[in-house]
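Structure record follows, encoded as structure tokens.
The values are calculated or read from the model by the stated rules, or taken from the named source; none is laboratory data. Values in this document were obtained by computation on a predicted structure and should not be read as measured data. Here the Cβ positions follow ideal geometry from the backbone for every residue, glycine too, while neighbour counts run over all protein chains shown. We work out accessible area using only protein heavy atoms, side chains counted, and drop any ligands, DNA or RNA first. Shrake-Rupley method; radii C 1.70, N 1.55, O 1.52, S 1.80 Å.
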Amino acid sequence: MIHITLPDGSQREFPGPVTVAEVAASIGAGLAKAALAGKVDGKVVDTSFQMTADSALSIITAKDTDGLEVIRHSTAHLLAYAVKELFPEAQVTIGPVIEHGFFYDFSYKRPFTPEDLAAIEKKMTQLASLDEPVSRRVLPRDEAVAYFKSLGEHYKAEIIESIPADQDVSLYREGKFEDLCRGPHVPSTGKLKHFKLMKVAGAYWRGDHKNEMLQRIYGTAWATKDELQQHLTMLEEAEKRDHRKLGRELDLFHIDEHSPGTVFWHPKGWTLWQGVEQYMRKVYQDNGYLEVKGPQIIDKSLWEKTGHWDKYRENMFVTESEKRDYALKPMNCPGHILIYKQGLKSYRDLPLRFGEFGACHRNEPSGGLHGIMRVRAFTQDDGHIFCTEDQIQSEVVAFTTLLQKVYADFGFTNIIYKLSTRPEKRIGSEESWDRAENALAEGLRASGCDFEYLPGEGAFYGPKIEYTLKDALGRPWQCGTIQVDPNMPERLDADFVGEDGARHRPIMLHRAIVGSLERFIGILIEESAGALPAWLAPVQVAVLNITDAQADYVRSVAKTLQNQGLRVNLDLRNEKITYKIREHSMQKLPYLIVVGDKEMAAGTVAVRARGGQDLGVMPLDAFVQKILGDIASKSVN
């Protein structure tokens with residue numbers, strides 16, 4: 001007898017080998033129909049998978065995360081099937097699952113058009129409606145190579161040839177289409193109902209620019225029609241909020257081909273950038289950080305000592321002077337250790353907190369650049385805490401509390417906490433890892449944070465906490481981090497004198513709250529859809545006259561506001577007031593002040609808030625107190 005243990009602890013007995021589908025059918029017809037795959041002893045498998053010994057089994061349906069993964073994986077194959085039906089000469093390459101969907105790369109003689117994309121999606125729907133069974137078979141590697149070569153699928157053959165010769169490979173067939181894949185897949189194409197093709201982009205074969213440029217078709221797939229529609233609606237909203245689009249419309253910045261991966265900040269954009277930096281500078285000052293500034297270019301020998309030259313060289317910009325090799329710094333930490341080492345340090349000096357708005361350069365691939373979110377030149381709110389091992393937990397508590405306050409001020413209160421633990425390849429004793437991981441975990445618990453572990457995701461020298469914020473669309477952005485590092489102080493010979501009079505190595509905590517200021521500003525723009533809160537808005541209020549008769553009064557109003565430290569746009573143009581109001585409203589300013597003869601005579605102002613809200617006529621002092629209150633409270637409205 002074979003005993004199958006289900007998630008609720010109950011068991012079912014079968015006289016011999018039994019498939020996942022058969023177990024599902026024994027439980028009920030509804031589950032049998034809904035089953036997409038199974039998880040046998042922790043491994044996701046096809047419903048046709050046969051269990052020949054006692055096993056733990058859970059049936060995977062569309063409601064499960066693993067089920068959605070299977071749907072998307074299978075929909076990628078359905079896409080390739082449809083392409084081969086419509087364009088038989090196209091060659092298929094790879095088609096993995098990605099966040100929210102999938103893609104598949106094709107080699108074809110001409111670019112796919114939007115009309116092609118619509119035709120492919122229609123064909124996918126037709127093929128899915130046939131509800132063709134999906135079956136799996138296994139071939140020896142060399143036999144599989146010969147098979148795909150006979151089909152003219154040379155890319156597939158090349159992929160298989162990279163697999164060791166003594167290994168078998170699995171193939172999945174649906175109808176006339178067969179593809180190389182490890183699986184698992186849905187039992188039949190009729191399970192695939194809610195999908196949409198999104199776009200076509202270029203992608204080099206195997207990611208190497210020396211190879212052929214392929215065509216990558218992106219798609220999304222979901223378990224239900226409602227989930228698909230919600231995702232498409234979210235994408236429409238995200239497109240409206242795209243920081244690149246808003247950066248142009250609000251005249252904040254631009255990216256120029258003369259300096260790819262770097263940002264040209266316009267006056268209003270630089271005002272926003274300065275607002276974020278000055279806020280973070282105050283955070284440093286109020287929380288025991290000493291601001292420092294390191295050089296941009298550092299000798300190659302230091303990067304060799306830290307290990308960056310061997311492991312990170314291809315992402316570093318290098319230069320040479322007087323027969324010495326230098327690199328533009330990709331991070332600030334080595335420079336902070338050199339500052340720490342100037343002068344003898346005592347245990348009484350610890351914890352010692354350095355902060356720097358350090359400009360860093362990383363030679364990111366051009367294909368990975370994305371507006372101001374992913375650039376080659378950026379500035380970090382970079383901080384490093386030198387402390388003892390016993391001080392890690394208290395520093396984590398203080399840092400987490402500070403990060404929560406900063407995020408709340410910027411309008412983010414939904415934070416996800418993750419603790420990355422020791423990887424397989426690491427340095428240091430198990431005891432030191434135990435202490436470091438425990439200190440981070442206890443620091444989060446003491447801060448009242450629920451968190452999840454990411455086993456094996458820590459750096460080779462120490463564990464770390466990742467702080468991920470969620471924006472208004474529910475999108476996650478990993479910005480903050482605090483990471484334990486005993487390695488770099490060891491490599492660069494940093495020490496302090498302990499209570500015992502002996503020399504000891506400090507622990508270095510790498511920490512950042514917003515991370516890259518450029519990226520964080522991109523997040524802020526998209527979070528607010530460009531309607532930045534009054535304390536951050538590059539222009540906080542525009543003052544508009546109706547006719548030239550109010551010009552002098554309008555100037556005095558603007559001057560009063562400017563004397564209060566407000567950022568004011570004075571608009572005295574000879575244009576209709578409706579035109580001026582509409583134009584400034586499109587710039588998403590927090591407030592508009594309109595002045596006519598009545599307001600001038602009474603010494604008042606007519607105030608409009610963003611969104612067309614008419615706040616009525618009020619004394620200028622009352623408006624000043626209102627906007628200053630918004631700024632002081634960092635109101636996000």
Mean separation of Cα contacts under 8 Å (6+ apart) over length of the chain, as relative contact order %: 9
Inter-centroid distance (Cα atoms) of segment 526-554 relative to segment 163-195, Å: 59
Label-point separation in nm, SER321 to LEU572, each point 7 Å along Cα→Cβ: 4.9
Rg followed by Dmax, in Å, when segment 19-69 is reduced to its Cα trace: 9.9, 28
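When the chain is fully extended, how far beyond the present Cα-Cα distance does PHE460 get from SER394, taking 0.36 nm per residue of separation?
Full-extension gain reported as 21.4 nm.
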Nearest-ten-degree value, helix 392-409 long axis tilted from longest Cα axis of the chain: 70
Ellipsoid equivalent to segment 1-138 - semi-axes via the Cα gyration tensor, in Å: 36, 14, 13
Volume in Å³ per residue [convex hull over Cα atoms, computed for segment 311-393]: 151
Cβ crowding within 10 Å averaged over residues, with 283-291, 244-252 ranked highest first: 244-252, 283-291
Largest-first ordering by accessible area, 1.4 Å probe, given options HIS370, HIS361, HIS258: HIS258, HIS370, HIS361
Computed E for ASN287/SER150 - FRET, C-beta separation, R0 60 angstrom, nearest 0.05: 0.35
Average accessible surface area per residue within segment 459-610, 1.4 Å rolling probe, Å²: 39
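If the viscosity is 1.567 mPa s and the temperature 4 °C, what Stokes-Einstein diffusion coefficient in µm²/s follows for segment 64-130 when Rh is the Kirkwood radius over Cα pairs?
Answer from the Stokes-Einstein relation: 104 µm²/s.
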Anisotropy class of segment 549-637 from Cα gyration tensor, a/c 1.5 cut: oblate
Segment 349-458 - Debye-derived log10 I(q)/I(0), Cα point model, q = 0.16, 0.19 Å⁻¹: -1.03, -1.24
Spacing of the two label points (7 Å from each Cα toward its C-beta) at LYS470 and GLU212, in nm: 4.3
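At most 12 other Cβ atoms within 10 Å and a DSSP loop assignment: could you name the trypsin sites (Lys or Arg not before Pro) in segment 154-186 that fit?
Answer in residue order: LYS176, ARG182.
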Percent accessible area from carbon and sulfur atoms, segment 205-283, protein chains only, probe 1.4 Å: 51
Spin-label pair ARG435/LYS63, simplified geometry with 7 Å Cα→Cβ offset, distance in nm: 4.8
Virtual paramagnetic centre 7 Å along Cα→Cβ of ALA119, amide N under 14 Å, in segment 79-110: 82-90, 109-110
Segment 193-297: translational diffusion in µm²/s, Stokes-Einstein, Kirkwood Rh over Cα pairs, 10 °C, 1.306 mPa s: 85
Span per principal axis, largest first, for the Cα atoms of segment 132-277 (Å): 64, 42, 26
Enclosed volume per residue, in Å³, of the convex hull spanned by Cα atoms of segment 96-193: 125
Per residue accessible area of segment 78-205, 1.4 Å probe, in Å²: 48
Whole-Å semi-axes of segment 164-230's equivalent ellipsoid (Cα gyration tensor): 26, 22, 10
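With an 8 Å Cα cut-off and a minimum separation of 6 or more residues, compute the relative contact order for segment 291-330 in percent. Spell out each step's value before the answer.
On the way: 36 pairs, mean separation 18.8, N = 40.
Relative CO of segment 291-330 lands at 47 percent.
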Portion, in percent, of the accessible area of segment 372-475 that falls on carbon or sulfur, probe 1.4 Å: 45
Estimated [θ] at 222 nm from DSSP helical runs (n ≥ 4, -39500 (n - 2.57)) normalised by residues in the chain, nearest 500: -11000 deg cm²/dmol
Per residue, in Å², the accessible surface of segment 306-404 once ligands and nucleic acids are set aside, probe 1.4 Å: 45
Additional length obtainable on full extension of the chain from GLN296 to GLN230, 0.36 nm per residue less Cα span: 19.2 nm
Bins of 20 Å from zero: percent of alpha-carbon pairs in the chain: 15, 37, 36, 11, 1
DSSP-loop GluC sites (Glu not before Pro) across segment 496-526, with at most 15 other Cβ within 10 angstrom: GLU499
Protein accessible area in segment 523-593, 1.4 Å probe - carbon and sulfur %: 49
Debye log10 I(q)/I(0) for segment 141-199, one point scatterer per Cα, at q = 0.12, 0.21, 0.22 Å⁻¹: -0.38, -0.87, -0.92
Neighbour-limited loop hits for GluC sites (Glu not before Pro), segment 364-467 (at most 16 other Cβ within 10 Å; DSSP other than H, G, I, E, B): GLU424, GLU457
Whole-number D in µm² s⁻¹ for segment 226-349, Kirkwood Cα-pair radius fed into Stokes-Einstein, 4 °C, 1.567 mPa s: 68
Peptides ranked, highest mean first, by Cβ atoms within 10 Å: ranges 23-34, 210-221, 63-74: 63-74, 210-221, 23-34
Of LYS225/LYS418; LYS123/LYS196; LYS311/LYS341; LYS33/LYS84, those spanning more than 20 Å from alpha-carbon to alpha-carbon: LYS225/LYS418; LYS311/LYS341; LYS33/LYS84
Extension gain from ALA56 to ASP251, taking 0.36 nm per residue of separation minus the Cα-Cα distance: 64.3 nm
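Listed here are the pairs LYS282/LYS329; LYS39/LYS191; LYS122/LYS156; which of them are more than 20 Å apart at the Cα?
Listed pairs above 20 Å: LYS282/LYS329; LYS122/LYS156.
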Where N is the number of residues in segment 360-400, Cα Rg divided by 2.2 N^0.38 Å: 1.79
Rounded Å value of the spacing that divides the Cα centres of segment 141-156 and segment 424-493: 45
Contact order normalised by residue count of segment 10-118, Cα under 8 Å, 6+ apart, percent: 18
